[in-house]
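The values are calculated or read from the model by the stated rules, or taken from the named source; none is laboratory data. Because the structure is a prediction, the values reported are computed rather than measured. Don't worry about glycine lacking a Cβ; one is built from the backbone with ideal geometry, like all the others, and counts go over all protein chains shown.
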Amino acid sequence: MEKEVILVGCTVGFLGLLSAALGFAAEATRIRASGVLTRAYEECIYPKSPALYLGLLAAVALALAQAIINFFAGCICCRRNLSRSNTNWNVALISFAVSWFTFVIAFLLLLAGAALNDKRSMEKIYFSNNCYVLKAGVFSGGAVLSLSSVSLGIIYYVALHSPKSPYPSWSPSQNQGIALGQPQIPPQSTEPVFVPEDTYNRQRIP
């Protein structure tokens, strides 16, 4: 079981780092306003950018990591070996909820950034007379949230597979043979003890 936990944790951690690295790379290579050309003051010509593919790969790596961690961890509501008053249960529940929340936001940011960098030509925005470009921080925000989602997913997985307590649990059946409040003295024998006759006569002689 420990080998499985380590293997799953390393695999998911690698995918999380890969997703974050691809997200930061997409942020560095996104289309900027200085790279957009204008034609006849009405059309924007966008250059090719690897940010589209980097963002898609980052989203795929993040989705794969989330799928692996939830496949091996299973549904938290189906876990019967954890009491809801146990610390591990609380940690797993919080990590599970926040992990999914950050995953959804990071996945949408990466996909949206990739889609908005897939532009070839577009009319200018009339009210500003400028070419539209993706704002800074979309890919990097998705990368940071990817790391957070994967880290919380690993915590969730480890919390479900860690023992409840490092000490053995006490059961009332362990002490059923001991009477509380009474000394454990072995019962005395009631059988008569035979003494030799010469020993009795020696005790009577003055």
Here the qualifying pairs (Cβ atoms under 8 Å; residues six or more apart or on different chains; first in region 57-70 and in contact (Cβ under 8 Å) with a residue 24 or more places away in the chain and on the phi > 0 side of the Ramachandran plot; second assigned to a helix (DSSP H, G or I) and surrounded by fewer than 24 Cβ atoms within 10 Å (Cβ to Cβ)) come out as none
If you go through Ser99, Ser95, the only one that is at pLDDT 90 or above and either in a helix (DSSP H, G or I) or crowded, with 17+ Cβ neighbours inside 10 Å (or both) is Ser99
Per the filter on region 18-49, residues out of contact with any Lys or Arg (no Cβ under 9 Å at 6 or more places or on another chain), loosely packed, with under 15 Cβ neighbours inside 10 Å and at pLDDT 80 or above are Ala28, Arg32
